[in-house]
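Derivation of every value follows stated rules applied to the coordinates shown; laboratory data play no part. Since the model is a prediction, treat every value here as computed from it, not as a measurement. When we count neighbours, we look across all protein chains shown, and the Cβ atoms used for this are built from the backbone with ideal geometry, even at glycine.
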Amino acid sequence: MDVNRTNRSPNLAALILVGIPPFLGVKVNGMNSTSPLRRLLGSARIRTDSATLEKHSIDAWLMSHRPDAVVFADSAECVSKVMKFACRHRIPVTVRGAGVGYVGGCVPLHGGIVLSLARMKRILHLNAEEGVAIVEPGVITGDLQDAARRVGMFYPPDPASLRECSIGGNIATNAGGPRCLKYGVTRPYVLGLEVVLPTGEIIHVGGRTHKNKTGFDLVGMFVGSEGLLGTVTKATLRLIPHPPSRACVSAGFRDERAAAAAAVKILSSGFLPSALEIADRFTLDAARKSFQSQADKKSFATFLQGKSHLLIELDGHTRSVAGESRQLAALLRRNDAFSIELAIGDRACEQLWGLRREFSYSLKKMGLRKMNEDIAVPRTRLVDLFAFTRKLSKRHKLLVASFGHAGDGNIHVNIMLDANDPAQVKRSAKALDELFRQVVKWGGAITGEHGIGIAKKRWWPLAVGVRERRLNEQLKAMLDPKGILNPGKFVGR
Ligand SMILES: Cc1cc2nc3c(=O)[nH]c(=O)nc-3n(C[C@H](O)[C@H](O)[C@H](O)COP(=O)(O)OP(=O)(O)OC[C@H]3O[C@@H](n4cnc5c(N)ncnc54)[C@H](O)[C@@H]3O)c2cc1C
């Protein structure tokens, strides 16, 4: 695999895009009209203006790098043409969905082309009887959920960014969210995929049936592949019946240890909530501050009292949900919850989730850099994890806010720092090293849902063994022999 040449050739990429034949290095007949890429795709699909390049140089993480051009694809055939062209000229291509990833996955580290799927946003087919939706990759996750709901169906994966992120991005990161405790992450909802390989070939893997064991699990190979193995241009997704009712129990605790212990108790007592979320004191304080009005304060009584908090959601038929939520409240009382609030039905539950969804944004409002890690630990380590992050905070004199999906042991550990203070930046790097080492020692994962991207590349060797890393490299080299798709990430160079 000759990835080095790609890596050394961002200027070459720029020359090709503006119409300068790389083998001559001279301009011919007016730049735009002779650009080979414009001739291939038409000008309407290509942008090279500064504002567009800037917008496509970054995601929700902190690192940015400008591409030389942005191509807005509108079909698999268009993607295929781009890939064949890029292969021929060894131009780096980085696929982009909605650009709200948390690890720099869609940042074009080596320049070249950003291939945006944002214009491919049609829901092509929605079949409630079969429980199947066929969508283009740029469909916004929340829009698919709304459309499914209108026909009585449910697409459960629910990243907190669901009003912004795309199905293609969710597939590429195997996105999760609060409901994944009961319903699983994105993978079990992907039945089939149309993928354009880095060489430009268009392939179809999986199908439209809910079960399919034909050959290797190639769907699984592409789900979570972070835009490194191919471009998803169409997805066939599994829908399930929408549960008719839901209830939430909100419970305040005196500290994180008590809340984490109660979370473990819930799951060992025969309850399977659709969501089980935990928050520490620091997170709650930030959320409280961002809720200004008294009306808001009144409707979030338990959130306001506790030093740690659990938000638990149950779904199913109305009567069973109501009965189960009362039993759950009793269990929580026996397990040290000192304030409990019950919410039955969509409207009441959404009010509680309103505050939960505010957590990330209210931390950001503090004006500090928020380093959001999404580690996962075995559930039995939750209590240890909260004790560890408290010590980490003291040892490195850094603010740490932890909250997340307690049921999956998937906690967002946010190190909050003043990015203008070099000493804090240095201490935070050390703190992250310690955090990830400890997580791996417990048998946990350095990322539960966001992926490796650029942000966690440094810890890839800590998390994965040498043979397994080699296998990842071999897979990448087989599918992308020229190393042009999303170079500079955790595989390839
Ligand atoms: C406020 C906030 C809350 C969040 N909460 C969650 C959460 O609860 N759970 C969670 O899992 N994540 C969460 N995220 C992270 C993010 O939303 C997810 O990773 C999401 O899946 C990214 O989708 P996107 O369309 O923005 O993808 P992008 O950021 O555009 O891309 C992400 C990766 O996918 C690749 N990619 C995109 N589209 C395709 C495609 N069609 N084919 C192949 N590869 C592709 C890119 O190359 C890149 O590597 C959150 C982010 C924010 C900002």
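Some points to look at:
- Taking Cβ atoms as reference points and 9 Å as the exclusive limit, the residues near residue 177 contribute a net charge of -1, counting Lys and Arg as +1 and Asp and Glu as -1.
- Shown for the stretch 33-76 is the translational diffusion coefficient from the Stokes-Einstein equation, using the Kirkwood radius over Cα pairs, a temperature of 37 °C and a viscosity of 0.692 mPa s: 284 µm²/s.
- Ranked by the mean number of other Cβ atoms within 10 Å of their residues, highest first, the peptides 167-179, 396-408, 72-84 come out as 167-179, 396-408, 72-84.
- Counting only DSSP beta bridges with both residues in the chain, the antiparallel share comes to about 90 percent.
- Assigned charges on the beta-carbon of Lys, Arg, Asp, Glu; the chain dipole about Cα centre (debye): 1020
- Extension gain, residue 285-residue 466: 0.36 nm per intervening residue step, less the Cα-Cα distance, totals 60.9 nm.
- Long-range HN-HN contacts of residue 233 with modeled amide H, under 5 Å: 194, 195, 196
- Set of the stretch 180-194 residues, backbone N closer than 20 Å to the point 7 Å along the Cα-Cβ line of residue 475: 185-194
- Annotation: cysteines of the chain without a disulfide-compatible partner (Cβ-Cβ under 4.7 angstrom) are 78, 87, 106, 165, 180.
- Over 22 Å apart at the Cα level, from the set 430/457; 55/121; 55/426; 394/489, are 55/426; 394/489.
- Length gained when the stretch residue 100-residue 77 is fully extended (0.36 nm per residue, less Cα-Cα span): 5.7 nm
- Considering only 420, 261, 53, and ranking their Cα positions along the charge dipole of the chain that arises from unit charges at the beta-carbon of Lys, Arg, Asp and Glu, the one farthest toward the positive end is 420.
- Among the DSSP helices (H) of the chain, those spanning at least 18 angstrom by Cα along their long axis with an average Kyte-Doolittle hydropathy of -0.5 or more are 76-89, 318-334, 382-395, 422-441; this is a geometric and hydropathy rule only.
- Other-chain or far-sequence residues with amide H under 5 Å of residue 274's (modelled H): 313, 314, 315
- Calculated Rg and Dmax of the chain using C-alpha coordinates, Å: 23.7, 80
- Computed over the stretch 123-241, the P(r) tail beyond 18 angstrom holds 46 percent of alpha carbon pairs.
- Rh by Kirkwood over Cα pairs, then Stokes-Einstein D for the stretch 48-114 at 0.890 mPa s and 25 °C, µm²/s: 203
- Spacing of the two label points (7 Å from each Cα toward its C-beta) at residue 441 and residue 429, in nm: 2.2
- Database remark: amide H of residue 190 closer than 5 angstrom to the amide H of 238 (H placed geometrically; neighbours at sequence offset of 5 or more, or on other chains; Pro and chain starts carry no H).
- Within the stretch 84-151, the proportion of C-alpha pairs whose separation exceeds 21 Å stands at 42%.
- Value of Rg to Rh for the stretch 222-364 (Rh from inverse mean 1/r over Cα pairs, i.e. Kirkwood): 1.05
- Computed per residue of the chain from DSSP H runs no shorter than four, each worth -39500 (n - 2.57), the mean residue ellipticity at 222 nm is -11000 deg cm²/dmol.
- For the stretch 351-493, the Kirkwood radius over C-alpha pairs fed into Stokes-Einstein at 20 °C and 1.002 mPa s yields D = 129 µm² per second.
- Under 13 Å from the residue 84 label point (7 Å along Cα→beta-carbon), backbone N, the stretch 184-206: 197, 199-202
- Debye, to nearest 20: dipole size of the stretch 123-241, +1 on Lys, Arg Cβ, -1 on Asp, Glu Cβ: 400
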